[in-house]
1. Expressed in nm to one decimal, what extension gain is obtained for the pair Thr460 and Asp195 from 0.36 nm per residue of sequence separation less their Cα-Cα distance?
2. Roughly what % of Cα-Cα distances in the range 274-323 sit above 16 Å, to the whole percent?
3. Can you give the direction-averaged projected area of the convex hull of the alpha-carbon atoms in the range 490-630, in nm²?
4. For Ala310, which sequence-distant residues (separation of 5 or more, or a different chain) have an amide H within less than 5 Å of its own amide H, given hydrogens modelled in the peptide plane?
5. Hey, what do the phi angles of the range 26-36 turn into as Karplus ³J(HN,Hα) couplings, whole Hz, using 6.51/-1.76/1.60 and θ = phi - 60°, x for Gly and Pro?
6. Would you mind getting me the FRET efficiency between Asp362 and Ser567? Use the beta-carbon distance for r and R0 = 56 Å, nearest 0.05.
7. Could you name the aspartates and glutamates in cross-link range of Lys122, using Cα to Cα under 17 Å and dropping any fewer than eight places away on the same chain?
8. If each residue's Cβ is checked for other Cβ atoms within 10 Å, how do Ile408, Ile521, Ile377 rank with the fewest at the top?
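Read-outs throughout are calculated quantities, based only on the coordinates presented, and are distinct from any laboratory measurement. Every value quoted in this text rests on a predicted model; they were computed, and no experiment measured them. Every residue, glycine among them, receives a Cβ derived from its backbone with ideal geometry; neighbour counts consider all protein chains shown.
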Amino acid sequence: MGRMQLAIAIWGIVVCAIANAQELPPLEAYGRLPEYDMYELSPSGKLGATRLTADGRDLVVVFDVDTAAFVSGADAAEVNPRSLRFIDDNQLVLVAGRTIKSFAVRDSFDYSSAYALNISNKDVCVLLRKAEELYPYQSGLGRIIGSDPESSTVYMPAFAGSAAPALSVFKADLETSRGRVLFKGNSRTIDWFLDGQGKRLVREDFDDRKNVHKIFVYPRDSGKPRLIYEEQTDIPRFGAVGVTEARDALVLLSRAGGTGSVSYYLMSLENGEISGPLFTESERDIERVITDIDRVVYGVEFAGFKPTYAFFDEELEERVKTVQSRLEGVSASLTSWNHDFSKLVFEVAGGWSSGAYLMFDDVYGSPKVLGQMRRDIGPEHVATVEIIDYTARDGLSIPALLTARPDIREAGKSPLIVMPHGGPEAHDRFGFDWMAQYFASRGYLVLQPQFRGSDGFGNTHLLAGRGEWGGKMQSDLDDGVEFLVEEGIADPERVCMLGASYGGYAALAAGAFSPDKYRCIVAIAPVTDVRRMLSQERRERGRDNWVLDYWEDLYGAEASEKEELNSLSPVFRADAFKAPVLLIHGRKDTVVRINQSKLMNKALRKAGKDVTFIELKGEDHWLTQEETRIEMLRATATFIEQHL
């Protein structure tokens, strides 16, 4: 079956026909959570699990892959799951999060929990709920670094103790909520790796006060840990992400000396020697490693607009490449697999797809359609996503995505929405971006520039953004507008900037530093006062934490440099604004506190500017609630339509 035949066959199965192709899907079709999300295969490949949100339901569902028959499930409405992971064919773990407040913690924080679903009896157990010594005020709880195939046990890193909590390894029972500390860490411990049999293999420490990074190896028999690596550094220069199958080396991700790209290295557990890089590409970073539940690494995913893969198993690598070559015109991301990789699940999006999960057990045959994300948005309503690049004013090449209906793209001088991503060390993906697709469906051009400072496109592009908040990172966005105007594609009199998180900062910086270029500004969960943001990080992490050094490096100014940091902050440039501003912020945002938007709203009002501020009740930083997500999209659409 050829590429085009494959696409037609897939959509013949999954697309519900829309009677009138000219009738656009409603706004709600774009703002709703995906009907199917986070699809996972069991180790045997016989079962699948997904989050299903449809018709007012929010469920975690387990079903038979071959027959699609329901097997088990649980209500997900209260827990808001963020990931799913099979332990075996009878235990599914879902990690969920919510924002909570406590009298013992100054600010609200993002509290996570892991829930184990017994597939046979449908019982749900909250892992570590009855664990002694568990520190109660921690985020990131729910990570699993190993399992015991002979019992209902998993191993979870979590902070233990009360006065001076330390990252330790807990032994957690999947049936009873009980747990106990198996291996105790110290105040400097940041990660653990096990040997596949529930014993310590590696402990990673970082001393924020002395700026020392250390790796310890534990003997297989017994005895004291052995130091194999030590480095004096303000910021760890690599991330330890897994172990080799033989468990004789630690897998590291770090920037390659030659290419500057994030690459794969090995640290010998015998002597700490680092070898590599492996799996390296000059202009592409490694996005993630492909691992099992015991953190054994089998391959890597490269970053960029469309993901590509490399594996130690050459046959597996060829199979993945074959599937991707057949799925022409879309982005195909490997999301799940069974224990021997004989069954592969891909998420496809963009081109002719508004999002679907496909399973291949024969890379040359027809895939099994496991679920469509947005049934109300057929292929005829998926706007074209085009990969372009333009030259910034200093000569740097800026990759970008341009999303538009073909008729709008060809018409010329169309209204333009510039949509910078968050991060800022992140990047957009070719695919179905629900917000970009909504505005494109309504006749707007949507430009998503990968401004300097974005990751995924090599070290030179990333580092060019250091110290350029409000500077060249910002002018890269303006240069994208100029490029589309000069090409006759965009109307210079009808340009709006819309962004969230760092993208929200960039939108407000556009209003402050380029006030004549934009007709309106939409900022969702924006940073508005970078000095206050640094103060928040210091308060939550401690004044010696390496993350503060990282942010100071990004800003190009230290926390003590008040005037420099204030010069980057839109909140102090309210007088310069000419365009109307829409501020939207979730009340339970723990990443960028809502006070950042409140300060901006107050400053703009005091300056007599046109500003609207919407607080989203119960919403977090990532717009994970369907009701408030739709509320946000409706308010943004109304605002932009009014001004463009």
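1. Full extension of this stretch gives 91.7 nm more.
2. Tail of P(r) above 16 Å: 44 percent of Cα pairs.
3. 9.1
4. Long-range HN contacts for Ala310: Val300, Phe302.
5. x, 3, 4, 5, 8, x, 5, 5, x, 4, 10
6. Approximately 0.40, to the nearest 0.05.
7. Within reach: Asp58, Asp64, Asp75, Glu78, Asp88, Asp89, Asp173, Glu175.
8. If I rank by nearby Cβ atoms, fewest first, I get Ile408, Ile377, Ile521.
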